[in-house]
Protein chains: 2
Amino acid sequence: MIKKTQLKSGHFKNRPTHNRKKITKVKTFDHGKLKIIILGGNEEVGRNMTILEYENDIIIIDMGIQFPEEDMPGIDFIIPNIEYLKGKKKNIRGVVITHGHLDHIGAIPYLISDLGNPVIYSAPLTLGLIKKRHEEFKDAHPLNLQAVTTDDKLTLGCFKVSFFAVSHNIPASMGIIVDTPLGKVVHSGDFKLDFDGSVRDMPEVSKIAGLGTENVLALLSDSTNAPHSGHQISESEIQTNLFNIIRNAHGRVIIGTFASLLNRLQQIFDAAEKLNKKILIDGYSMKTNVEIAHQLGYLSFKKDTFITEKQLKEYPDNRIVICCTGAQGEDRAVLMRIVNREHRFLEIGKNDTVVFSSSVIPGNERSVQRLKDSLYRQGAEVIHYQMMDVHAGGHAKKEDLKLMINLVNPKYFVPIEGNHSFLHIHAKWAAEVGIDPKNIFIADNGQVMEFTKLGGKLTNKRIPADYVFVDGLGVGDVSHIVLRDRKMMSEDGMIVAIATISAKTGALVHSPDIISRGFVYMKENKKLIEKARAKIKQIMKSNNPKTMANDMFIKNKIRNQLGNLLYQETERRPMVLPVIIEV
Amino acid sequence: MIKKTQLKSGHFKNRPTHNRKKITKVKTFDHGKLKIIILGGNEEVGRNMTILEYENDIIIIDMGIQFPEEDMPGIDFIIPNIEYLKGKKKNIRGVVITHGHLDHIGAIPYLISDLGNPVIYSAPLTLGLIKKRHEEFKDAHPLNLQAVTTDDKLTLGCFKVSFFAVSHNIPASMGIIVDTPLGKVVHSGDFKLDFDGSVRDMPEVSKIAGLGTENVLALLSDSTNAPHSGHQISESEIQTNLFNIIRNAHGRVIIGTFASLLNRLQQIFDAAEKLNKKILIDGYSMKTNVEIAHQLGYLSFKKDTFITEKQLKEYPDNRIVICCTGAQGEDRAVLMRIVNREHRFLEIGKNDTVVFSSSVIPGNERSVQRLKDSLYRQGAEVIHYQMMDVHAGGHAKKEDLKLMINLVNPKYFVPIEGNHSFLHIHAKWAAEVGIDPKNIFIADNGQVMEFTKLGGKLTNKRIPADYVFVDGLGVGDVSHIVLRDRKMMSEDGMIVAIATISAKTGALVHSPDIISRGFVYMKENKKLIEKARAKIKQIMKSNNPKTMANDMFIKNKIRNQLGNLLYQETERRPMVLPVIIEV
């Protein structure tokens, strides 16, 4: 639990006064030029980070992580590449965060020190989540946080920054208006336009519509759901369905969702209270998120709605609703621990109804399937979004996206946040509502967009934007070579061939040692191992002792010939690691 | 290309006459008992295989492969476990195959010899595909194949077998009726009920409906799409959409689909012919499948509809339709080779429209996404099933499944073909249409269902049904230990620590050798490697030379202590392989 005092405004330090007079080197060719660069999020879903640069002023919007793809085994996550900003620390006037999801805040602990600890501006909830996460990093430098409301206006160097509320599935999500010397740039953040949702999460439509007459220079807009036709489902429908499920359940209702899907949790709390049911929350991250949001006034519930582990037995099953993490089939999250019977106090009973109230992140389909299978096997009824609308995505679909473009009415349009194909599809919708296709920029990560008084263009200039991998304590130390090796070993295993030779004669001192892992089970493949040993002996014998010093040559010979032998015998290609030890 | 003569009936040998009189050992407790055992396909999608056993007669329905899950790196595929059948070869009266997809025929080359080469019965197309695949296996024993039509009746031991046509997305798909001494058992095969599809693929509804009055003992029915509500889309809708796409395209249309989705290909051929466009087929498996199906009369087209690579230039782009493999993002299939610019003669042009006319197999989502991104990047327009109905699955959905149960009107119902949760959901629909829940058997792979004159039950008896992995030339030689090692190495790599010691004194002869792969990039982590070396030296020094012979003890010490050191320094857990060489 985090203490209330930690979130008081005193902890959010004031914006440092940048001594801008010292800055002298204005490159003339950059005079009067606005650069917009998407550092991450434009070739993937995740690691969102955008920079706006005008002469000596830079602001950053969002700093998120991306979850690894299946060809990146062992990687924890991927963060944006900030090489371009490293020499420009002194120009950074602030970091503005749209909302508190990890793909928008998760990279802060890794990057903020290297950027000179600029002030981070966002809504109190978002800052609360940033702060909580930061505490998990030992020895991390304290953050400079400054809370804003959607009515605040900030002056960050030459930029004037204001905000508008959007609907998403975490409270306090905002779009950002950056008034630059060349006109307004609007960044939508993650958004949907849910006019029928709860009042807690209504978009500030009048502000958005007002932009339509303000000659907006460019709109950068969320493409996550651009490939989906129609409108995003309203949260009010989800609320009704969840209410009915909770009302009709004969036993306990267990709802798995993301720890950060706070709006969904509010719907569940509301339903439970109306139905006089009790809620147990399980999962560390969900608990702390609920506490933070409640303390800051973003979630409302009666104190006695929540029960503890010990109180579970005091209520009949049909008065219990359990909210927990793990709807993605994550190994160590609550739902998986329950079905694996590794949970401290929860197990699945015959009358339980388990609801998966979140979409499945691509790549998790099979883990989620296994989780569902296990739940059925243990007697639960399972309800997921394919069977009933128990989840609405947080992102605008085709028709919502077109409305946003119509309302903001920008001169230039930049689809952001999504795979390359999502951006293309979003661009198509923009053209359909009248944006001149020449003014639609489908930018890659790191590709520089430049605007002057004469107009804007998507240039061919690129700043470094390649992946930076986080693996354990290492940031950026896992290279593509390391990943390639991991992948190779995962497919056919590896074999270490050790030849111990006499330094004097170059002859083998004893029979070569062979160790294999992930290739074949050695005990059951003695013949094959013997053949491998014979092959090494043959190679070593045929080798001219005079060239013995040439380790690389003989190693390559072993690697190739042994590799070929093993392929012929097994049609597998394990990694072969030759080792020559001279004694 | 395969020669016509290879497919003539002369090649399909007659059913061998089993000398049933020799069989004497009828276990009395199995007297009058029918066993139904699903060997594969009831805990997964794939490796479908079912056996029916009555006293000394066994028939097998389907013998398919399953594609590996993501926790099975390097595995080519998984086949059913036939341990139970190995002692019962002489009882096997035949193998009946429902249709020619790999999850129903793919395991034949691996298993059929071990089963004593029983006769395989199916439609000519299915047998053609089985035969084609078998030819890829060198030294494989020739198959005993016997073609049937859906009007044929077979006597296989005590079983009388007949057939009914079903719609699916490969021609000649059949359901199977097995008349046993205890009543009829109906196996649906993979099916949908598409009454509006092409006449080539109409289900034999009257036969199915006729079963309703024949006191069917048990219906085993396809659960693949049981979690989906409503009816499966009709192929006629897909045909209309594909027709419109092909008609309206400004340039070439490139349609990616499965090589075995022959009905889809027929739709494309029909559309192209109506629109006076030309077709190029690329992809070895698709070409051979089309040839086999055409030769056997299952696909119809005009000869001059097809063009070769060389003729491509003779036609304007808007008269060209290319059908190819690779819509799952498979590495070496045509679409991926095109976008990787590794294709011999095709590359993406600005006016190309690429259609993904297949669903995405779970686990392939991200490869397909990358493929789409690359296509957009190269200028193509991409159409996939999320945007427009350009694919209909081959499986019945909820309402179709209920209709099937109503028509067949069985006493017992056994959901088959699907993950455990699919079976549960299918069972729910069966109960909804009036099957007594006590008579619905949700069986695991290998779990024995027994029927006598008194009734049926799902017993707790289980025969071996665990995974048999195929990896390269190895069948069943990759164990869970090998897989666990592959997985471990893929996540954090591995490190080999070699201590060369004197056989006399037990002391290190020289500094320990350290090799790592997939862990850290060694050149950039010299300090860490030095620490690891120092740790090994320390362990070897502290070791009592008298106990030196106890290799295991010292190896474990290195494994644990070096592992801990590396975890402290990196928070990674590479596999540590200690090697001690005595000289």
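The values are calculated or read from the model by the stated rules, or taken from the named source; none is laboratory data. Because the structure is predicted, anything quoted here is derived from the model rather than measured. So basically every Cβ, Gly included, is an ideal-geometry build from the backbone, and we count neighbours across all protein chains shown. For accessibility, only protein heavy atoms count, side chains too; no ligands or nucleic acids. Shrake-Rupley method; radii C 1.70, N 1.55, O 1.52, S 1.80 Å.
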Other residues with Cβ under 14 Å from the Cβ of residue B:319 give, with Lys and Arg +1 and Asp and Glu -1, a net charge of +1
The answer for residue B:416, listing residues at least 5 apart or on another chain whose modeled amide H is closer than 5 Å to its amide H, is B:221, B:222, B:223
Contact-by-burial set, segment A:369-392, min loss 10 Å², accessible area of protein heavy atoms with 1.4 Å probe, reference chain alone, gives A:369, A:370, A:373, A:376, A:377, A:381, A:384, A:386, A:387
Once A:395, A:420, A:231 are ranked on solvent-accessible area with the largest value leading and a 1.4 Å probe, the list reads A:231, A:395, A:420
Output row for residue A:136: copy-to-copy label distances, label 7 Å along Cα→C-beta, ascending, in nanometres, one decimal, is 4.5
One finds the C-alpha centres of segment A:247-317 and segment B:560-583 to be spaced, in Å, by 45
With all protein chains present, chain B has a carbon and sulfur share of its accessible area (1.4 Å probe) in percent of 50
The simple spin-label model distance between residue B:386 and residue B:149, using points 7 Å out along Cα→Cβ, in nm, is 4.6
To the nearest 20 debye, the protein assembly as shown has a Cα-centred charge dipole, built from +1 on Lys and Arg Cβ and -1 on Asp and Glu Cβ, of 3240
Computed over segment A:232-316, the convex hull of the Cα set has an average projected area, in nm², of 5.9
In segment A:395-420, accessible area falls by at least 10 Å² from chain alone to full assembly (1.4 Å probe) for A:419, A:420
The ³J(HN,Hα) series, computed from each phi in segment A:69-84 with the Karplus coefficients 6.51, -1.76 and 1.60 at θ = phi - 60°, rounded to the nearest Hz and given as x for glycine or proline, is 8, 5, 8, 10, x, x, 6, 6, 6, 10, 10, x, 8, 10, 3, 4
Helix-only [θ] at 222 nm, chain B, -39500 (n - 2.57) per DSSP H run of 4+, per residue, nearest 500, equals -8500 deg cm²/dmol
Projected onto the charge dipole of chain B (unit charges on the beta-carbon of Lys, Arg, Asp and Glu, signs +1, +1, -1, -1), the Cα from B:34, B:528, B:120 with the largest positive-side position is that of B:528
Per the charge dipole of the protein assembly as shown (beta-carbon charges, Lys/Arg positive, Asp/Glu negative, Cα centre), the residue among A:99, B:505, B:576 reaching farthest to the positive end is B:505
The computed P(r) of chain B puts the percent of Cα pairs beyond 44 Å at 32
Zone reached by a paramagnetic label modelled 7 Å from residue A:343 Cα along Cα→Cβ, restricted to segment A:276-301 with backbone N below 12 Å, covers A:280-283
In degrees rounded to 10, the 0-90 angle between helix B:398-408 Cα long axis and the longest Cα principal axis of chain B is 50
Expected integer from the mean partner chain Cβ neighbour count at 10 Å over B:474-480 is 3
Percent of all Cα-Cα pairs per 5 Å bin for segment B:83-152, counting from 0 up to the last occupied bin, reads 3, 17, 28, 26, 17, 8, 1
The simple spin-label model distance between residue A:30 and residue A:557, using points 7 Å out along Cα→Cβ, in nm, is 5.7
Note: the protein assembly as shown, point scatterers on Cα, Debye, no solvent; log10 I/I(0) at q = 0.07, 0.08 Å⁻¹ equals -0.81, -1.05
Reduced to Cα centres, the span from segment B:150-171 to segment B:357-402 in Å works out to 32
Burial-style ranking of A:312-318, A:554-560, average other-beta-carbon count within 10 Å with highest first, yields A:554-560, A:312-318
For segment B:380-397, in residue order, the Karplus 3J(HN,Hα) values (coefficients 6.51, -1.76, 1.60; θ = phi - 60°; whole Hz; Gly and Pro = x) are 7, 8, 10, 10, 10, 5, 6, 9, 7, 6, 10, 8, 10, x, x, 10, 5, 9
Expected vector for segment A:462-467, Karplus 3J(HN,Hα) from phi with 6.51, -1.76, 1.60 and θ = phi - 60°, integer Hz, x for Gly and Pro, equals 9, 9, x, 9, 6, 4
Of the listed links A:90/A:453; A:537/A:557; A:86/A:461; B:131/B:184; A:192/A:428; B:411/B:453, those spanning more than 21 angstrom between alpha carbons are A:90/A:453; B:131/B:184
So for R0 = 35 Å, FRET eff. of residue B:319-residue B:70 from the Cβ-Cβ r, to 0.05, ends up at 0.25
Partner shielding of B:490-500, taken as the mean number of other chain Cβ atoms within 10 Å, equals 6
Restricting to Cα pairs under 8 Å and 6 or more apart, the percent relative contact order of chain B works out to 15
Heavy-atom accessible area per residue of the protein assembly as shown, all protein chains kept, 1.4 Å probe, expressed in Å², is 41
Chain A to chain B by rotation: the residue of A with the beta carbon nearest the axis and the rounded distance in Å are A:490, 2
In whole angstrom, largest first, the equivalent ellipsoid semi-axes that the Cα gyration tensor gives for segment B:235-384 are 21, 18, 15
The relative contact order of segment A:479-582, taking Cα pairs under 8 Å that sit 6 or more residues apart, comes to a percentage of 39
Once amide hydrogens are built 1.01 Å from N within the peptide plane, the residues lying 5 or more places from residue A:440 or on another chain with amide H under 5 Å from its amide H are A:413
Shortest first and in nm, the label-point separations between residue B:564 and its counterparts in the other identical copies (7 Å out along Cα→Cβ) come to 4.7
Interchain or sequence-distant (5+) residues whose placed amide H lies within less than 5 Å of the amide H of residue B:521 are A:479
Charge dipole of segment B:225-308 built from unit charges on the beta carbon (Lys, Arg +1; Asp, Glu -1), centred at mean Cα; most positive-end Cα among B:268, B:246, B:300 is B:246
Rounded to the nearest 10, the angle in degrees between the Cα long axis of helix B:262-274 and the longest principal axis of the Cα atoms of chain B comes to 60
Interface buried area A-B, accessible surface with 1.4 Å probe, both sides summed, nearest 100 Å², comes to 6100
homo-copy label distances at residue A:248 (7 angstrom along Cα-Cβ), nm, one dp, ascending, are 3.9
Taking N as the number of residues in segment B:479-582, the ratio of its alpha carbon radius of gyration to 2.2 N^0.38 Å works out to 1.08
Placing each pseudo-label 7 Å from Cα in the direction of the beta carbon, residue A:160 and residue A:459 end up separated by a distance in nanometres of 2.7
